[in-house]
Amino acid sequence: MVENNRWGNFFAHLVLILGVAIVIFPVYVAIVASTHPPGTFIRGVMPLLPGPNALENYKTVITEGRSRAGTPPIGGMLWNSFVMAMAITIGKLSISLLSAFAIVYFRFPFRIFFFWIIFLTLMLPVEVRIVPTFQVVADLGMLNSFAGLSIPLIASATATFLFRQFFMTVPEELMEAARVDGAGPMKFFKDILLPLSITNIAALFVIMFIYGWNQYLWPLLITTDPEYYTIVMGIQRMVTGGDSEPLWHLVMATVVLAALPPILVILFMQRLFVKGLTETEK
Amino acid sequence: MQTKRMTFSSRWLPYALLAPQVIVTLIFFIWPASQALYQSFLRQDIFGLRTDFVWFDNFSRLFADPLYLNSLKVTFVFSLGTTFLSMSVALLFAVMVNRMIRSRDSYTTFLVWPYAVAPAIAGVLWWFIFNPSIGIMPYMLKGFGYDWNHRSSGTDAMILVIIAAAWKQISYNFLFFLAGLQSIPQSLIEAAAIDGASRFKRFWTIVFPLLSPITFFLMVVNIVYAMFDTFGVIHATTEGGPAQATNILVYKVYRDGFVNLNLGSSAAQSVILMAIVVVLTVIQFRYIERRVNY
């Protein structure tokens, strides 16, 4: 064992506690700000201790929003974000499971060609091809709809690669046994492969859900109808829309509500999250 | 590329299985990308009445445009700053957490969650902290005699977006560094300790070189993140300002395409960005095939 240095350990704890404090600080400030009445922000520096207005502020943003600045109630936006995140997650998982299955368990002409088409999506983030993608979605009449919010984002090379890698490690004997027993490909997929991949699916689910929930540019472009605003993009409208100085107490209440769901997902599924992250990217 | 030794045989089933993925890719990825390529060779007049085929004129105009060159420079500073800041902080945290035995998991929990915060939200949070009239940081900086104002000072605005972008990325880098540290054989470190190497020396001559594959991988990932995923940070806070000081490439594509409606130029910028992603992706995959180790 390497020497155990008490002062070194003390110092390490000190650095970490300070570090954690700095990392948490922005969120702490947001939570504090969301509990204050509007008057606090006119008088000088922002507060560092909670105020008395928490219930009212959250009630206002959830049920009323800021109708004058064109921001709808948060309740609806939270729901939209949830639907979009779930649609993207489930869509990504199902199409990549199917295509990984096809690529690993079948031999057919143009297999490599299809693999490369899927691989290309890795190289084309939405941000670099926004104008033409927007035109395609507009031509298909998918603006202001959940289909438009989710379908263009569900192609995923990463998930396909991960499932392909995992399927390659599944023992050959399982498939031979299934065939001897007379199971067809789809039955094998449903009854053997899917149950085996459940941990991988769950790990990817966490990553994809966060990815979907945090989409920003895409919803910003294709939703003009407040019905379909998602919460992450809605914040930007609150900050810049209307008055010169934003209503910080309401903005921060919205920020807390927007950040909470994905943070909870990570905290409750930390093990799966770490597995999903470190195994998909390497 | 391999398959299983034994495969199912069906003439149509594999195509049916691939269809959803390939159709989505063709409609929403390949088609728009080729459109961008095509449009980058076109120019519309200001009334949108005539469209000319102008070969590489859009590109040569871009590289003669001081605004675009400025945006390249800004992107370079921004991604380098973000990568360096978030990686060095994450490495420090990972080394410290790796020394812990009982408290390792609780520190990890406290450090991973910012990954879940959307870039736009991270931007708004730090924008609030640095708000010149009510923010806590400008108040404290004033105590040191520094007058912070990211609305007028380009440097301040750049520091603000770098901090916001790096903050969110710390958890990602931390997890990878921690995993890397844990895979370093303890015996190497013990051998060096027996030879009398100090803690500091052990870190720089043994641990850090052994981490180099992970460091390299993270560098590529972070540059990709800073260049393409930080649109929200910029858009929700500085909107490229003041005076173009934070107008990164991705944000400029959006501005020129949707606000200034200069489609040819925006398409040409898209094509350049795609070329950058391709290069970075190839580097990343090369790394996976053949790990860097010294």
If you bin the C-alpha pair distances of chain A every 10 Å from 0, what whole percents do you get?
6, 21, 25, 22, 15, 8, 2, 0
What share of Cα pairs, in percent, lie more than 13 angstrom apart in segment A:183-255?
75
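Normalising by the residue count of chain A, find the relative contact order in percent from Cα pairs under 8 Å and 6+ residues apart. Could you put the intermediate results ahead of the total?
Values: 280 pairs, mean separation 82.9, N = 282.
Taking the mean separation of contacting Cα pairs over the length of chain A, I get 29 percent.
So which of B:Lys142/B:Lys252; A:Lys92/B:Lys73; A:Lys92/A:Lys187; B:Lys168/B:Lys252 end up more than 24 Å apart, counting from Cα to Cα? Walk me through the numbers on the way to the answer.
Numbers: B:Lys142/B:Lys252 33 Å; A:Lys92/B:Lys73 36 Å; A:Lys92/A:Lys187 21 Å; B:Lys168/B:Lys252 22 Å.
Pairs exceeding the cut-off: B:Lys142/B:Lys252; A:Lys92/B:Lys73.
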Normalised contact order of chain B, rounded percent, pairs of Cα under 8 Å and 6 or more residues apart
27
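Over segment B:127-272, calculate the relative contact order: mean separation of alpha carbon pairs under 8 Å at least 6 apart, over the residue count, as a percent. Don't skip to the answer; put the middle values down first.
On the way: 110 pairs, mean separation 32.1, N = 146.
It comes to 22 percent, rounded to a whole number.
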With charges only on Cβ, +1 for K and R and -1 for D and E, what is the dipole size of segment A:68-281 about its Cα centre, in debye, rounded to 20?
240
Need the full-extension length gain, B:Glu239 to B:Lys4, defined as separation in residues times 0.36 nm minus the C-alpha distance. One decimal, nm.
79.5 nm
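Taking the Cα centre of chain B as the origin, how large is its charge dipole in debye, to the nearest 20, when only Lys and Arg (+1) and Asp and Glu (-1) carry charge on their Cβ atoms? Each step should come with its number before you reach the end.
Details: 21 positive and 13 negative charges, 170 e Å.
That gives a dipole near 820 debye.
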Debye, to nearest 20: dipole size of segment A:169-258, +1 on Lys, Arg Cβ, -1 on Asp, Glu Cβ:
20
Could you work out the Rg to Rh ratio of segment B:65-261, with Rh taken as the Kirkwood radius (inverse of the mean 1/r over all Cα pairs)?
1.06
Could you give the angle, 0 to 90 degrees to the nearest 10, between helix A:198-213's Cα long axis and the longest principal axis of the Cα atoms of chain A?
40
Sort A:Val83, B:Val233 by accessible area with a 1.4 Å probe, largest first.
A:Val83, B:Val233
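Are there DSSP H segments in chain B that both extend 20 Å or more along their axis (alpha-carbon positions) and score a mean Kyte-Doolittle hydropathy of at least 0.0? List them, or say none. Each step should come with its number before you reach the end.
Numbers: long enough: B:66-99 (50 Å, 1.24); B:154-182 (41 Å, 1.18); B:263-289 (39 Å, 1.51).
Taking the DSSP H segments of chain B (at least 20 Å long, mean hydropathy at least 0.0), we get B:66-99, B:154-182, B:263-289.
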Quick one: what Rg and Dmax do you get for the protein assembly as shown from the alpha carbons, in Å?
25.2, 80
Amide H partners (placed H, <5 Å) of A:Asn53, local residues excluded
A:His36
For helix A:231-240, what angle does its Cα long axis make with the longest principal axis of chain A, in degrees from 0 to 90 and rounded to 10?
30
Taking the 0 to 90 degree range and rounding to the nearest ten, how far is the long axis of helix A:6-33 tilted relative to the main principal axis of chain A, both from C-alpha atoms?
70
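Counting each DSSP H run of 4 or more residues in the protein assembly as shown as -39500 (n - 2.57), what helix-only mean residue ellipticity at 222 nm follows after dividing by all residues, to the nearest 500 deg cm²/dmol? Write out the running numbers ahead of the final one.
On the way: 28 runs with 368 residues, N = 576.
Helix-only estimate at 222 nm: -20500 deg cm²/dmol.
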For the charge dipole of chain B, defined by +1 on Lys and Arg C-beta atoms and -1 on Asp and Glu C-beta atoms about the Cα centroid, which residue among B:Val279, B:Phe8, B:Val253 has the Cα displaced farthest towards the positive pole?
B:Phe8
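The values are calculated or read from the model by the stated rules, or taken from the named source; none is laboratory data. All figures in this text were calculated on a predicted structure; none of them were measured in a lab. Cβ coordinates were reconstructed from backbone atoms using ideal geometry, including for glycine residues, and neighbour counts include every protein chain displayed. These accessible areas exclude ligands, DNA and RNA; they are computed on the full protein's heavy atoms, side chains included. Shrake-Rupley method; radii C 1.70, N 1.55, O 1.52, S 1.80 Å.
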